[in-house]
1. Using only C-alpha atoms and all pairs of different ones, pull out the Kirkwood radius for region 210-274 in Å with one decimal.
2. Suppose all protein chains stay in the model; what accessible area per residue would a 1.4 Å probe give for region 71-272, in Å²?
3. Of the heavy-atom accessible surface of region 71-272 (probe 1.4 angstrom), what whole percent is carbon and sulfur?
4. Once every Cα of region 140-255 carries one equal point scatterer and solvent is ignored, give the base-10 log of I(q)/I(0) from the Debye formula at q = 0.14, 0.17, 0.19, 0.21 Å⁻¹, two decimals.
5. Which of the GluC sites (Glu not before Pro) found in region 77-163 are in a DSSP loop and have at most 14 neighbouring Cβ atoms, other than their own, within 10 Å?
6. Any idea what log10 I(q)/I(0) is at q = 0.12 Å⁻¹ for region 71-272, Debye with uniform C-alpha scatterers and no solvent?
7. Got a number for the accessible area of residue 177? Probe 1.4 Å, square angstrom, nearest 10.
Amino acid sequence: MSLSKRLSQILFPIMIMSVMAGCGGDKQNGEAEGTQEPAATASAHQAHWSYEGETSPEHWAELDELFLACSTGKTQSPINILQENVKDDKSLSPIVVKYSPSPVAMINNGHTIQVNLKNQDNRIIIEGKTYTLQQFHFHLPSEHEVDGKHADMELHLVHKNEEGRLAVLSVLITKGTENAELNKLWSVLPNEESEEEVTVDGDFDMNKLLPADLHSFRYQGSLTTPPCTEGVQWIVLDNPVQWSGEQINQFGAIFPHDNRPVQELGSREVESDE
Ligand SMILES: [Zn+2]
């Protein structure tokens, strides 16, 4: 067995644990947050990371040994989706989304605005497997590129199944008409980083953040934030949604950019459920 393979076998469980903790050791940061597990509280302090300067994405793996996958991983996210290389797979069924208006709370974790679900009632079904929505958050500009182009923003809805596997549903956002539902969140947008959640009045309907057509690109990737853990099922919706320029600017005023650059596709294939 090669050293790197042995290392990855040792590190993988550690990385899974560290997914549950964020920058600063609290449990509110990172792609996979809201995945409430005992490991979250047991996890050690993690290195500070960012999108700028000495702690920017090209340095993530140097900041903490738990972030090693950020540079050595072979199935990292995000990626550039080249549509001419996408393989149509007629055996894939369209994803099924079962979201309903739900109580949520919002947090500025220093990396993004994250909205935590206060129930476990929202699910997606991918190829017969059910994943439950834990949290959603935003990136500016988009992390995924399509044919080399960024969208203005990207929404990540992070789900987990019973086995602890993650599936992220990604929605690209372009400037256009206002999204009225979003104002429930944006009217109480927390400008400053804090460990305190902001209460959001009433229920929030995640369906209103999705396009009508749920046709998607699928591939195997990773968290796009440290520790860059792999084994994440990505579902990137083909059709973008629109937000107003003001709604995009409100986020951009807090996070001028919070996207990891695209990673090598390597030997992976991107499939489409068309
Ligand atoms: Zn994300």
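1. 14.2 Å
2. Details: 8540 Å² over 202 residues.
Computed with neighbouring chains in place, this is 42 Å² per residue.
3. Using a 1.4 Å probe with all protein chains present, region 71-272 comes out at 45 percent carbon and sulfur.
4. Result of the Debye calculation: -0.67, -1.00, -1.22, -1.39.
5. Passing sites in region 77-163 are 127, 162, 163.
6. So the normalised log intensities work out to -0.57.
7. 90 Å²
The values are calculated or read from the model by the stated rules, or taken from the named source; none is laboratory data. Everything numeric here is computed off the predicted structure, so don't read it as measured data. For neighbour counting, all protein chains shown are included, and Cβ atoms are generated from backbone atoms with ideal geometry for every residue, glycine included. These area figures cover heavy atoms from the full protein model, side chains too; ligands, DNA and RNA do not enter into them. Shrake-Rupley method; radii C 1.70, N 1.55, O 1.52, S 1.80 Å.
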